[in-house]
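First up is the structure itself, then whatever we jot down about it.
The values are calculated or read from the model by the stated rules, or taken from the named source; none is laboratory data. As the structure is a computational prediction, the values presented were derived from the model and not from experiment. Cβ placement follows ideal geometry from the backbone for every residue including glycine, while neighbour counts extend to all protein chains displayed. Calculation scope for accessible area: heavy atoms of the full protein, side chains included, ligands and nucleic acids excluded. Shrake-Rupley method; radii C 1.70, N 1.55, O 1.52, S 1.80 Å.
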Amino acid sequence: MSNSPHDKVLDENLKWTQINEDVIRSMQNPRKAYWISVAVCVSMFFCAILAEIYQYRMGMGTAGLNNPHMWDMYLATFVFWIGMSHAGTLLSAILHIIHAQWRKPIYRFAEAMTTFSLLTAGFFPMIHLGRIWNLYWVLPYVSDRGVWPNFRSPLSWDAFAISTYLSASALFLVIGMIPDMAVLRDHTKGWRAKVYGVLALGWRGDDRQWRNFRKTYMLMACFLIPLAVSVHSIVSSDFSMSINPGWHVTTFPPYFVAGALYSGCAAIMTLFVCLRYFFRMEDYMTLNIMEKTTKLTFAIAGVWNYLLFVEFASVWYGHSVYDKELLIAKATGDYAPVFWTMIFCSTVVPFTMAFQKLRRHMPTMFIVSLFLQLGMYTERWMIVAPTLAMSHNPHQWDILWAPVVQWAIVFGSFGWFGLLFLVFVKVFPSVSMYEVKELTLHQKEEFEEERRMREAGMFMPESATAPPLPGDEHKRPEDRVAGRPGMEGA
Amino acid sequence: MASKHKMLALYDDFEECFKAIKAIRGGAVKGVTVDDLTVLSPVDHHGIDEALGPRPVNVQRFTLLGALFGVTFGFFFLASAQASFLVQPQGGKPVVPLPTNFVLMYEMLIFFAVWTTVLVFPVLSGLFKKRDSLYSEKLTVDHMGVIVEEVDGHNLDAMKDFFKNNKAVEIREEKI
Amino acid sequence: MSFKNIMENFSNYRKDAEMGGHHDYEHRWAMAIDLDVCTGCNACSTACYAENNLAVVGKEKFEKGQGMHWLRVERYWEDNDTREHPENGAMFLPMMCQQCGAATCEPVCPVAATYHTPDGLNAQVYNRCIGSRYCNNNCPFRVRYFNFWSYYESSWPEPLNMQLNPDLSVRDKGVMEKCTFCIQRIRVAKDLARREERKVIDGEFLTACAQACPTGAIVFGDTMNPESQVSKAWAKHQITRGPHTHTKPKDNPELRGYRIFAELNVDPSVMYLERVRETEV
């Protein structure tokens with residue numbers, strides 16, 4: 001498959017001791033920038049806590065909600081974070097079962113992103129409740145009054161789906177880290193060695209463990225894929241199971257799943273550039289991997305845009321008065337600036353990813369990925385708010401812009417996510433060591449195979465003779481003392 | 001009766017390691033069969049399975065059981081909860097609405113399948129044990145190791161020689 | 001036990017509204033509102049505030065759309081009214097919970113705080129509500145009201161708290177509430193009828209809005225009783241319960257009855273009688 005230099009994901013001659021050292025180095029000695037980021041995240045989160053305390057004491061009126069607008073940014077943000085969690089599953093589970101080797105250096109942080117964005121998303125259905133202290137009533141526990149939650153409600157499906165997804169993806173992350181925990185147990189000292197010793201569960205890497213590990217990991221991947229699809233379908237049911245124009249849309253489940261993968265891939269691109277830059281992971285998070293991720297994102301952007309325009313088209317040709325008026329109002333009414341921002345960010349901007357030069361230019365891709373996420377956030381908000389603003393009953397039409405309490409909580413959720421992620425990268429390896437080792441082996445074997453075939457005169461891949469692409473030269477640590485290689489791009 | 005020994009041979013060249021295993025499988029050392037061998041490795045190398053020959057994996061059976069349990073439990077749990085909660089019918093919908101219950105049955109299928117897999121995995125793969133005293137930290141860097149679980153005293157030297165001749169970089173042993 | 005229950009009654013539990021449902025109705029409270037008679041005086045809304053302990057939220061919050069008027073009088077105007085004073089053409093529509101037979105608000109509540117009573121009402125259990133507000137999002141009429149604040153703290157300053165109706169609770173923040181068709185009055189009438197071993201007589205009691213309406217535009221009653229005034233009104237305008245059908249003849253100007261959003265198949269319990277327009281007279 002990947003047998004031309006073009007497809008080379010990383011340097012196959014990377015020494016395995018080097019891999020261990022590089023990853024362990026990335027986990028130690030946080031620099032000043034790290035502590036500044038932590039401080040920023042903590043203060044952002046603190047804003048959200050203040051806002052939530054105020055909202056808790058005073059009631060949901062502080063969030064500026066009113067009769068038609070019973071939900072607003074909270075639900076949009078919920079969908080946004082749930083969506084972001086899907087890319088980790090895509091990258092680790094789907095690419096795992098199709099044996100895409102290039103996922104290996106980057107899937108770990110993508111999975112961590114999945115778990116943490118779920119932990120963030122989980123807050124939003126909770127804090128938007130009027131009586132959050134009775135939250136446990138959505139759980140199906142045996143009560144002597146014989147009262148059960150309502151299993152017909154998409155909101156109670158959410159509770160099931162999110163808890164299943166959160167536990168499954170966290171387990172997937174933990175199980176996948178066991179061999180790395182063993183590495184860290186053996187090569188760190190002090191509290192780290194103790195903690196990793198517990199988390200490694202006594203892993204020694206014998207053949208029985210590897211066999212069962214391989215099978216377990218594959219089985220979990222196979223269950224995570226339908227689970228991820230079902231989770232976002234269920235989130236979409238919050239809208240599509242309702243009766244409102246603009247919500248009651250048949251294509252919502254696949255549309256949401258595509259949107260989830262889209263925003264998630266954009267988030268992976270953002271974090272990819274950050275990790276590559278801050279942790280000097282140029283040997284692992286290579287430009288070739290970035291390029292593959294970007295191509296994947298571009299493809300998903302295509303799917304998402306298709307589904308978006310299918311939705312518009314079916315409304316346009318459907319002649320439902322409510323839906324059509326709503327669609328026109330979205331594009332021309334008070335919310336039009338947001339609508340056109342969404343169209344710009346998630347339909348126009350992705351075309352930058354069609355150019356190889358730009359795909360390999362890290363600063364551009366960083367900015368593009370932020371644009372894509374902005375686009376996807378506005379898209380979620382464009383689903384929630386305009387429908388509530390312009391539903392069936394014209395007497396109850398109202399335009400609402402969220403006041404500061406909602407913004408503070410939404411803003412703080414990014415701080416919370418960032419905080420979790422920052423703790424993660426210093427406590428756990430953000431690059432999977434054992435799988436990078438497997439990747440080098442795999443590449444060696446493939447190149448060997450190719451060499452043998454070429455010698456036997458069996459085939460000559462075109463790209464084998466082509467000059468290496470800019471950025472393909474894998475620099476060793478000693479080569480990159482000056483400046484920040486990789487950031488200057490192509 | 002002769003003493004029993006346990007032996008670990010470390011390899012930095014994986015191909016040599018596989019060759020040695022295949023030789024033992026072919027009966028190169030008397031009294032030691034391939035079933036006595038445990039191979040330690042830093043990565044999941046397909047060569048190990050080829051060298052050792054078929055060894056069973058049973059996780060998937062438990063996963064299947066978990067999935068089946070999840071989906072049946074899901075149905076009966078939901079239906080019996082709904083059927084004992086008759087006082088609050090809703091929206092002209094049946095007491096036990098199948099289309100919506102399917103959604104939750106599906107979630108429960110996955111939930112139980114994943115949890116059984118995860119709970120069974122440490123048991124089947126023999127985790128939660130103390131690593132033995134022969135364990136080398138090189139095994140989590142770039143060395144492979146072959147453990148011979150049980151060597152009779154009179155075979156010990158033959159075994160050692162075999163590993164030496166087969167380019168093992170380090171040999172450790174202990175009495176058991 | 002519950003396993004046996006499922007096995008024995010499964011087919012019964014699978015009946016939906018179109019197959020008669022699992023429950024038998026005792027009553028089906030309904031209304032007929034004649035918009036031709038309505039003057040938009042808001043007496044109904046005021047009566048509702050008095051009867052149901054509705055919070056008076058004040059101008060500011062009301063403007064924000066956080067009012068608690070279970071019964072609101074909606075005003076509409078013609079688009080191209082060329083009269084000198086177009087406001088004269090205002091049309092009024094008293095809008096309260098339509099107590100739908102297949103209510104969309106009910107199945108979406110995650111904790112089953114809203115449900116269908118054997119009287120055909122959508123009941124809201126305040127104590128069970130956790131305030132997810134999905135019900136109002138799924139109500140095409142948008143007639144559910146959420147306690148965004150602790151309104152009781154400022155709504156009834158002393159001695160106004162003495163006028164609160166003791167027959168029902170005062171709601172705190174975080175709870176959804178809505179028109180109940182004055183369920184406390186229904187309860188009293190049913191209890192009295194049971195004690196006297198008779199059926200509830202039509203007109204024995206009225207909802208606060210119907211009682212207060214100076215022009216008698218609101219008729220309240222039980223459609224299960226064919227002799228009731230409301231049944232007769234429904235029959236006169238050929239409006240029937242159940243799913244929406246498109247067979248209503250439109251050529252007869254005498255048939256003014258319609259149910260709002262009946263085409264959404266929510267089976268509302270309130271029939272409105274179309275206003276006879278000046279231009280058509």
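Listing for the model above:
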| quantity | calculated |
| --- | --- |
| Crossing angle, helix A:16-27 versus chain A [Cα axis fit, 0-90 degrees, rounded to tens] | 40 degrees |
| The stretch C:133-281: equivalent-ellipsoid semi-axes (sqrt of 5 x gyration tensor eigenvalues, Cα, Å) | 32, 23, 16 |
| FRET efficiency for B:GLU16 and B:GLU149, using Cβ-Cβ distance with R0 set to 30 Å, rounded to 0.05 | 0.90 |
| Bins of 10 Å, starting at 0 and running to the largest distance - Cα pair percent for the stretch C:62-209 | 9, 31, 32, 20, 7, 1 |
| Segment C:LYS232-C:ARG194, length gained on full extension (0.36 nm per residue, minus Cα span) | 11.2 nm |
| Cα centre as origin, Lys/Arg/Asp/Glu Cβ charges: chain C dipole, Debye | 740 debye |
| 1.4 Å probe accessible area per residue over the stretch C:1-132, in Å² | 45 Å² |
| Potential extension, A:TRP397-A:ILE98 segment - 0.36 nm per residue separation minus Cα distance | 102.7 nm |
| Pairwise label distance in nanometres, C:ASN5 with C:ASN80, each label 7 Å out on the Cα-Cβ vector | 6.2 nm |
| Solvent-accessible area per residue for the stretch B:1-136 (1.4 angstrom probe, square angstrom) | 43 Å² |
| Kirkwood Rh in Å, taken over all unlike Cα pairs in chain B | 20.0 Å |
| Carbon and sulfur %, accessible surface of the stretch A:51-96 computed with the full protein complex present, 1.4 Å | 69 percent |
| FRET E, pair B:LYS167, A:ARG454, Förster distance 25 Å, beta-carbon r, rounded to 0.05 | 0.30 |
| Length-normalised contact order of the stretch C:25-275 in % [C-alpha pairs under 8 Å, at least 6 apart] | 29 percent |
| Furthest towards positive pole of dipole, A:ALA76, A:ALA408, A:PRO394, structure part the protein assembly as shown, Cβ charges | A:ALA408 |
| Cα-centred dipole magnitude for the protein assembly as shown, charges only on beta-carbon of K, R (+1) and D, E (-1), debye, nearest 20 | 1640 debye |
| Cα convex hull volume per residue for the protein assembly as shown (Å³) | 221 Å³ |
| Long-range Cα-Cα pairs in the stretch C:25-275 (distance over 33 Å), rounded percent | 19 percent |
| Interface C:A - total buried accessible surface [probe 1.4 Å, Å², rounded to 100] | 3600 Å² |
| Compactness relative to 2.2 N^0.38 Å, alpha carbon Rg of the stretch C:139-201 | 1.49 |
| Calculated [θ] (222 nm, deg cm²/dmol) that DSSP helices of n ≥ 4 give over chain A, each run adding -39,500 (n - 2.57) | -22000 deg cm²/dmol |
| Cα Rg over Rh - chain A, Kirkwood | 0.99 |
| Accessible surface of the stretch B:59-124 [probe 1.4 Å, protein heavy atoms]: carbon and sulfur percent | 85 percent |
| Accessible area buried between chains B and C, both sides summed, probe 1.4 Å, in Å² to nearest 100 | 1700 Å² |
| Order of exposure, largest accessible area first, which applies to A:ASP158, C:ASP79 with probe 1.4 Å | C:ASP79, A:ASP158 |
| Helix-only mean residue ellipticity at 222 nm for chain C, each DSSP H run of n ≥ 4 adding -39500 (n - 2.57), per residue, nearest 500 | -5500 deg cm²/dmol |
| Neighbour-limited loop hits for trypsin sites (Lys or Arg not before Pro), the stretch A:315-393 (at most 10 other Cβ within 10 Å; DSSP other than H, G, I, E, B) | none |
| Solvent-free Debye scattering, log10 I(q)/I(0), computed from the Cα coordinates of the stretch C:35-76 at q = 0.22, 0.27, 0.34 Å⁻¹ | -0.78, -1.01, -1.18 |
| Relative compactness, the stretch C:104-185, computed as alpha-carbon Rg over 2.2 N^0.38 Å | 1.15 |
| Within the stretch A:149-187, backbone nitrogen closer than 13 Å to the virtual label 7 Å beyond the Cα of B:PHE76 toward Cβ | none |
| Given charges at Cβ of Lys, Arg, Asp, Glu: the protein assembly as shown dipole, positive-most of B:GLY27, A:LEU201, C:MET95 | B:GLY27 |
| R0 of 51 Å, Cβ-Cβ distance C:ASN252-A:ASP144: FRET efficiency to nearest 0.05 | 0.35 |
| Two-decimal log10 I(q)/I(0) for the stretch A:82-235, as the Debye equation yields it once each C-alpha is a single scatterer, q = 0.18, 0.19 Å⁻¹ | -1.07, -1.13 |
| Sulfur and carbon atoms: percent of accessible area, the stretch C:25-275 [1.4 Å] | 53 percent |
| Interface A:B - total buried accessible surface [probe 1.4 Å, Å², rounded to 100] | 5300 Å² |
| Rounded tilt (10° steps) of B:14-25 against the dominant C-alpha axis of chain B | 80 degrees |
| Range of Cα positions in the stretch C:85-134 per principal axis (Å), largest first | 50, 25, 17 |
| Dmax and Rg, reported as Rg then Dmax, of the stretch B:59-124 (C-alpha, Å) | 14.8, 49 |
| By accessible area with a 1.4 Å probe, ligands and nucleic acids excluded, highest first: order of C:ASP172, A:ASP186 | C:ASP172, A:ASP186 |
| Spin-label proximity, A:MET58 to the stretch C:139-158 - amide N less than 17 Å from point 7 Å beyond Cα toward beta carbon | C:147-155 |
